[in-house]
Structure formats: structure tokens, C-alpha cells
Amino acid sequence: MSWQTISTNNAVVTGTYALIKRHSKVFLPQELVDDVSVDEAKIVQMTYRRFMRLRPFISRRKMVRDTYTAYLRYKFKKENYALKRSMVVMEPQRCCIRKELWNSLMFFTKSVIYLPESKTCKYEISRDNTACRQILKNMLTMEFQKESIIYGSRLRDNKLYLNLRESFQYVKCEQHSNPNLMIIGEFDRYIIYLNELLHTRL
């Protein structure tokens, strides 16, 4: 099958790449995020929409895109991140949520931007994007594993749901009778430490 270039008002798409024409649909100006006169709830809503618009670029596989969508809905609508963070980091929160959301959006945007490592492209930038892409891929793999554990028997295990989605006890325990919980807990602790370093909320 040969691909042809498809051009719309929003993008130019080929068999290999997609070029976004209207950057405002994906990028959120930092000046807007820093403007304290803009309501925080509005910033959250605008950021959520832009995360969702990245969905087609996350993967060509529907399963991965669906996992990404479920991840976003949980993060924005249900997760108590302050409680989850407190299981690992005892210090007070150092960064406001609007800044964390903007940094997280930039992290995800980098993960879907492909820059080949060559003399014409700065090595540091391309490696940074590659690292973001690999971290996001691993995060979505872990999210898929969480859903598989909770719904593995086709009936939601309420104890596992409470542990993985509400109480977050699995994060602070290094030993579990369930080896999958031990692996996921260790991974999520590293993600929380990464959030502290980058001022994100992944």
C-alpha cells in the first residue's frame, strides 16, 4: 500500500510523519499558565483537552491509544496525587499544579516529536525526546498492567482497585505477596521521584 500526502486545515500527514499546522491546539502558552488572573480550573480544562489531542500521535495501535485515554481520565478526574505522593515523599509540595501540568504537557509533547540524531539536529534535543518517549511507553505499559490486575477475572477486585487507585499502599511497600504489585510499586516510586525532579505530574 502506497501512502499519499494528506493535507487538512490542521495537519499534513504522510505515511511516516504528521506535521501540525495549528500549534495552539496542542501547545499551551506558558504565559497563560503563569497568568494568575486565569482561573486554575480553566488551566486544568485546557491542558486536559491538549493531552487528548495528542492521542493520535501516541501510537498507531488502538490498545495503546485506549490505555492512554484511560490514563488521562483517571489522572484528571479521579487520582488523589497528593495522597499518592505522600506515600513516597514526606516534604511539602514545592510546585503549583498549573506549572506541573504545563511541564507534563511539554513532556508528553516531546515524546511524540521525532527528531533523528544527526549532525543537523542537536544531539541533546533528540536524546531528550527519545527519553520522554521511552518513559511514556513504560508508563502506559504499567497502566495496562494495573488494569489487567484489577479486571483480570472480568470482575473488578475491589481490594486491588482500592490499593492501586485510591489508597496507594502498594507504592510504599517494597514486599508484596503479589510480585506484580512489587514491580508496579517500584516503578511508580521512580515516577514520583521523577516528578519531583522535573516538576511534573506524570
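Of note:
- Accessible-area ranking of SER177, SER37, SER111, SER86, largest first, probe 1.4 Å: SER177, SER37, SER86, SER111
- Protection proxy ranking for 39-48, 186-195, using the average of other Cβ atoms within 10 Å per residue and placing the highest first: 186-195, 39-48.
- Average accessible surface area per residue within the range 24-198, 1.4 Å rolling probe, Å²: 60
- Ranking of PHE107, PHE76 by solvent-accessible surface, largest first: PHE76, PHE107 (1.4 Å probe, protein heavy atoms only, all chains present).
- Taking all protein chains as they are arranged and a probe of 1.4 Å, the heavy atoms of ASP35 leave approximately 60 Å² accessible to solvent.
- Split the accessible area of the range 24-198 by element, probe 1.4 Å, and carbon with sulfur accounts for 56%.
- A Förster radius of 41 Å combined with the Cβ-Cβ distance from ASP35 to LEU162 puts the calculated FRET efficiency at roughly 0.60.
The values are calculated or read from the model by the stated rules, or taken from the named source; none is laboratory data. No experiment lies behind these values; they were computed from the predicted model shown. Virtual Cβ from ideal backbone geometry, glycine too; neighbours counted across all protein chains shown. Please note that ligands, DNA and RNA were not included when accessible areas were found on the heavy atoms of the full protein model with its side chains. Shrake-Rupley method; radii C 1.70, N 1.55, O 1.52, S 1.80 Å.
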